[in-house]
Each structure stands twice: as structure tokens, then as C-alpha cells.
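Working notes, beginning with the structure itself.
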Amino acid sequence: MMTADWFLNILIALITLIIVVSFFRKEGQWVPERGKFALRFFTTLSNMLCAAACLLTALAINAGGIPEWIWMLKYIGTAAVTVTMLTVLFFLAPTFGKGALKVLLSGTDLFMHLITPLLALVSFCVFERRGMTFCQSLWGMLPVVLYGPVYLYKILFALPEKRWDDFYGFNKQGKWPVAFAGMVIGTFLICMGIMALQNL
């Protein structure tokens, strides 16, 4: 059933698949380490989660309807990529300085930071609107709540040879508690916004 929603979900899944595969290739060769490096970013993980949910949603549409668990997974994925998009626009771009937004919205990042999140929001909040309770909305915080402690461990407590650079700048001047609290609060507000759109 090739509805507008089916098309959007397939488009998101295909775009993300092509980009993620490209992370594992360089100059026509497979480079697993390059792909593994990309998997440390919340941007990559959130887009992969959303793409998987979109693929399941498209299959469910073909089968006659979207079951509750797929709808919830799509919500969690949509919330995650919305966090990615808004973090880029309102935290990373201002923090990294002049010209940062252009860099953050160029190449494949244009899709992962802006286009696919917007497509996911339109798909979920326009075509898949069915109403949402407050308790359901809290599930959208799960990716950030899980990723945050992993990121903190990797930038502060992991062995030196396994440590990540603080590529998001959340521990600048040792202020990771403030940054993490801000991300959790910001994610909560995003979830409330999506819930409001669902309940229009």
C-alpha cells in the first residue's frame, strides 16, 4: 500500500541505510574501523534506530496496520532524531562558533542532522497521529538516558586507550552534570512537544 506515510518511512530507511553503509567504506574499500568509529555518535545511533522503526512501520502499513509496539518504537526513534536535530541547531552550532552550522549541515550530516529528523516528525505527527498519554511520552527519553552514562564513562572513566574525545563538548570546564541535566530536561520538553502534536 503505497501511501504518503509508507513512502516517507521507506525514504528515511533507505537514506539512512545508504549513509551508514558509506561510513564503512573509504575510496571504494570496506573499512570496518571507520564504521565502528561512526557508531559512537548519538547522531548515527539515533538515525539507525529511527530507520529501523521506519522500516517496520512501512512493513506494517503493507500488512494492514501499525501495531502499538511498532508505533511506540517509531515514537522513540523520532524523539531521538529530534534530539539530534535540536542539539545541533541550538547547542553544537552556537558552541562550536562561526561557520559551525554550515559544517554540521553539509554532506551526509545534512540528512542525519536535519532532513531525516524532519521527515520522521512529519510522518509520525501527521500521518501516524493516534493520541499519546504522558506515561507513553516518557519512553521517548530512553535513548538519551541510556546514551548519556555511556558517553560520560567513555570520556572520563574509560582506560586511556579506549577513551573517547569529548566530541560533543559536554564536559567543557568539567560541567558535565549541567550538560547532562540540560540534555535530559531538553529531551523531556521534546517528548512533551511530540505528545502535544499527537494529541491535537
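The values are calculated or read from the model by the stated rules, or taken from the named source; none is laboratory data. No experiment lies behind these values; they were computed from the predicted model shown. All Cβ positions, even for glycine, are placed from backbone atoms using ideal geometry, and neighbour counts span all protein chains on display. Surface areas here come from the heavy atoms of the whole protein model, side chains and all, with no ligands, DNA or RNA. Shrake-Rupley method; radii C 1.70, N 1.55, O 1.52, S 1.80 Å.
Computed values, structure above
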quantity	calculated
Subset of segment 34-52 [touching a Phe, Trp or Tyr at 6+ places or on another chain (Cβ under 9 Å) and in a helix (DSSP H, G or I)]	Arg34, Gly35, Lys36, Phe37, Ala38, Phe42, Thr44, Leu45, Ser46, Asn47
Among (1) at pLDDT 95 or above; (2) over 17 Å from Val88 (Cβ atoms) - the single one Val144 does not satisfy	(2)
Test set (1) in contact (Cβ under 8 Å) with a residue 40 or more places away in the chain; (2) open to solvent by 50 Å² or more (accessible area, probe 1.4 Å); (3) within 17 Å of the chain's Cα centre (by Cα) - Arg130 fails condition number	(3)
Condition broken by Ile66, with the remaining ones in (1) assigned to a helix (DSSP H, G or I); (2) of a type in the set (A, V, I, L, M); (3) buried (at least 18 other Cβ atoms within 10 Å of the Cβ) satisfied	(1)
For Leu156: the one exception among (1) among the hydrophobic types (A, V, I, L, M, F, W, C); (2) open to solvent by less than 30 Å² (accessible area, probe 1.4 Å); (3) closer than 22 Å to Ala38 by Cα	(2)
Residue selected from segment 165-185 under the condition open to solvent by 70 Å² or more (accessible area, probe 1.4 Å) and of a type outside the set (A, V, I, L, M, F, W, C), by the criterion modelled with the lowest pLDDT	Gln173
Sole exception among (1) in contact with a helix residue (DSSP H, G or I) (Cβ under 9 Å, 6 or more places away or on another chain); (2) open to solvent by 40 Å² or more (accessible area, probe 1.4 Å) for Met85, by number	(2)
Looking only at segment 90-125, and only at residues there that are polar (S, T, N, Q) and within 19 Å of Leu17 (Cβ to Cβ), the one that is surrounded by the most Cβ atoms within 10 Å (Cβ to Cβ)	Thr116
Some residue of segment 48-56 being over 15 Å from the mean Cα position of the chain (by Cα), open to solvent by less than 10 Å² (accessible area, probe 1.4 Å) and within 22 Å of Ile194 (Cβ to Cβ)	no
Any hit, segment 25-38, residues being open to solvent by 20 Å² or more (accessible area, probe 1.4 Å) and in contact with a Leu (Cβ under 9 Å, 6 or more places away or on another chain)	no
